[in-house]
1. Take the conditions within 17 Å of the chain's Cα centre (by Cα), without any contact (Cβ under 8 Å) to a residue 40 or more places away in the chain, surrounded by fewer than 17 Cβ atoms within 10 Å (Cβ to Cβ) and at positive phi and apply them to residue 153. Does it pass?
2. Give me the pairs: first residue in segment 69-86 and over 14 Å from residue 145 (Cβ atoms) and in the same structural domain as residue 153 (by TED's automatic domain parsing), second residue aromatic (Phe, Trp, Tyr) and crowded, with 19+ Cβ neighbours inside 10 Å, beta-carbon distance under 7 Å, and six or more apart or on different chains, which are they?
3. Restricting segment 93-117 to residues that are among the aliphatic types (A, V, I, L, M) and free of Cβ contacts under 8 Å to residues at least 60 places away in the same chain, which is nearest to residue 154 (Cα to Cα)?
4. Please list, ordered by residue number, the strands (runs of 3 or more DSSP E) wholly in segment 110-197 having 2 or more residues that are modelled with pLDDT of 95 or more and within 19 Å of residue 75 (Cβ to Cβ).
5. Name the residue that is surrounded by the most Cβ atoms within 10 Å (Cβ to Cβ), counting only residues in segment 156-170 that are closer than 19 Å to residue 21 by Cα and of a type in the set (A, V, I, L, M).
Amino acid sequence: MDGTKAEIAAAAARLVVEEGLEYGPAKRRALRQLGLGARSALPDNDAVEDSVRAYIELFCADSQPAELDALRRLALAWMERLAQFRPYLGGAVWHGTATRLSDVYIQLFCDDPKSAEVALIEHNVDYEARTIAGFNGEPVEALSLSSVSRELGESIGVHLMIHDHDDLRGALKRDAKGRVPRGDIAAVRALLRDGGA
């Protein structure tokens with residue numbers, strides 16, 4: 001990676017950790033902060049993730065593991081509540097780079113896409129529905145809600161992405177680093193049990 005991309009990745013990593021931004025917005029804001037043009041070549045998400053890990057190790061090593069553990073416990077609680085919809089945890093909480101400012105992203109693989117929404121309504125859960133890009137770039141419905149983490153003492157954003165059951169097979173393809181991009185309830189329990197990052 002060239003020097004400019006590395007500088008952008010480092011600046012974006014700071015924004016991800018300190019402000020809870022997602023990678024895309026963090027890279028764009030890093031460009032502005034560094035005074036670079038909008039057409040500057042951006043680092044890929046893997047480079048930003050590597051910079052996030054380095055930033056956490058340098059500046060947050062004392063607090064981040066407990067915060068990550070609390071977020072994984074919150075995610076597991078929602079996954080267990082929604083077990084009938086085949087939940088899989090993804091994003092920074094799954095990959096181990098989350099801090100207390102990170103949101104929780106759970107993919108649900110439903111036989112009927114509206115069934116998860118109906119379940120939230122039946123349990124009086126307030127949520128906001130919107131359409132976002134799914135893991136393959138296709139539009140999917142996201143149900144976003146706020147959930148209190150007792151361990152962190154604050155509300156955390158939880159986003160439930162609704163996919164067809166048939167999409168599950170493609171959702172488990174390994175990423176560019178050879179990692180499984182998301183994990184089911186058993187995998188999240190194992191991370192919590194083993195203290196995995």
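1. no
2. Here the result reads 85/109; 86/109, each pair linking segment 69-86 to a residue that is aromatic (Phe, Trp, Tyr) and crowded, with 19+ Cβ neighbours inside 10 Å.
3. Quick first cut of segment 93-117, residues among the aliphatic types (A, V, I, L, M) only: 93, 98, 101, 104, 106, 108, 116.
Checking which are free of Cβ contacts under 8 Å to residues at least 60 places away in the same chain leaves us with 93, 98, 104, 106, 108, 116.
Numbers: 93: 16, 98: 15, 104: 13, 106: 19, 108: 24, 116: 25 Å.
If we take residues in segment 93-117 being among the aliphatic types (A, V, I, L, M) and free of Cβ contacts under 8 Å to residues at least 60 places away in the same chain, then 104 is nearest to residue 154 (Cα to Cα).
4. Counting at least 2 such residues, we get 139-149, 154-164.
5. Step one: filter segment 156-170 for residues closer than 19 Å to residue 21 by Cα, giving 156-161.
Filter once more, keeping what is of a type in the set (A, V, I, L, M): 156, 158, 160-161.
Values: 156: 21, 158: 23, 160: 25, 161: 22.
Across segment 156-170, the extreme among qualifying residues is 160.
Okay, residues lined up against (1) surrounded by fewer than 21 Cβ atoms within 10 Å (Cβ to Cβ); (2) under 21 Å from residue 156 (Cβ atoms); (3) without any contact (Cβ under 8 Å) to a residue 24 or more places away in the chain; (4) in the same structural domain as residue 101 (by TED's automatic domain parsing):
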site: 10; (1), (2), (3), (4): yes, no, no, no
site: 16; (1), (2), (3), (4): no, yes, no, no
site: 23; (1), (2), (3), (4): no, yes, no, no
site: 27; (1), (2), (3), (4): no, no, yes, no
site: 32; (1), (2), (3), (4): yes, no, yes, no
site: 48; (1), (2), (3), (4): no, no, no, no
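The values are calculated or read from the model by the stated rules, or taken from the named source; none is laboratory data. Bear in mind the structure is a predicted one, so any value in this text is a computation, not a measurement. With ideal geometry, Cβ positions are generated from the backbone for all residues, glycine too; neighbour counts draw on all protein chains shown.
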